[in-house]
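Here, each number is a calculation from the coordinates, and none is a lab measurement. A quick note: this is a predicted structure, and the numbers were derived from the prediction, not measured. With ideal geometry, Cβ positions are generated from the backbone for all residues, glycine too; neighbour counts draw on all protein chains shown.
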Amino acid sequence: MTLWLRLLWLLLTAPFRPRLLMDAASVLHTRVWPVDVDLNIHMTNARYSAVMDLGRIDLLIRTGLLRILLRHRLRAVVGASMLRWRKGLAPLQPYRLETRLVAWDDKWFWMEQRFITATGVLACIGMVKTCFTDRSGVVPPDRVAAFLGIPPDRRPPLPDWATAWDQVETGALDRQSGKA
């Protein structure tokens with residue numbers, strides 16, 4: 001089963017699943033298919049990122065944000081992702097992917113995505129920062145949240161890990177550009 005088939009299945013079934021609020025988690029139940037496996041006989045690291053895309057799409061659909069993005073001609077763009085593997089997923093092993101919006105700042109939406117085995121073991125955790133763009137550039141997250149009726153004063157605080165990650169990226173970019 002390729003990701004195109006999984007995406008098609010997601011697009012067909014998501015409208016029939018319960019609607020989610022922005023602070024709720026999307027949960028997808030799936031398994032490791034033979035096409036997901038690498039030479040080490042576990043799910044290949046690249047497949048985690050691809051499956052995470054499906055989790056974010058499910059969240060967009062079920063919160064109603066996808067319809068808003070299409071109406072306003074916005075595009076979702078991943079700016080960075082970080083994954084931490086804790087346990088390999090074996091061929092045909094069932095797992096669930098939990099995707100939730102954690103917070104947003106003046107540019108980015110920060111999301112957490114967890115791969116959890118059927119026995120409840122955390123196999124992998126991923127953090128993703130994404131923004132929405134239109135022809136003029138990045139659309140402020142508060143404006144996107146307002147489309148969903150969320151006022152700026154309900155913006156969740158940025159967690160420490162997101163702040164630290166942002167500082168590391170900023171420092172690396174400053175070093176690359178020669179800034180002091």
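What FRET efficiency comes out for VAL168 versus THR117 if R0 is 30 angstrom and r is the Cβ-Cβ distance? Round to the nearest 0.05.
The formula returns an efficiency of 0.50 here.
With +1 assigned to the C-beta of every Lys and Arg and -1 to the C-beta of every Asp and Glu, and no other charges, what is the dipole magnitude of the chain about the Cα centre in debye, to the nearest 20?
460 debye
Apply the a/c threshold of 1.5 to the C-alpha gyration tensor of the chain and tell me whether it is rounded, prolate or oblate.
Oblate is the answer for the chain, as a/c is 1.5 or above yet b/c matches or exceeds a/b.
What net charge is computed for the residues neighbouring VAL168, neighbours being all others with C-beta under 14 Å from the C-beta of VAL168, Lys and Arg scored +1, Asp and Glu -1?
-2
Subtracting the Cα-Cα distance from 0.36 nm times the residue separation, let me have the gained length for ARG135 to TRP33 in nm, one decimal.
So the chain would gain 32.9 nm between ARG135 and TRP33.
Report the residues of the stretch 95-136 in range of a label on MET82: point 7 Å along Cα→C-beta, backbone N strictly under 14 Å from it.
110-113, 125-130
Sum up the charges of everything whose Cβ sits under 11 Å from the Cβ of THR44, counting Lys and Arg as +1 and Asp and Glu as -1, but leave THR44 out.
-1
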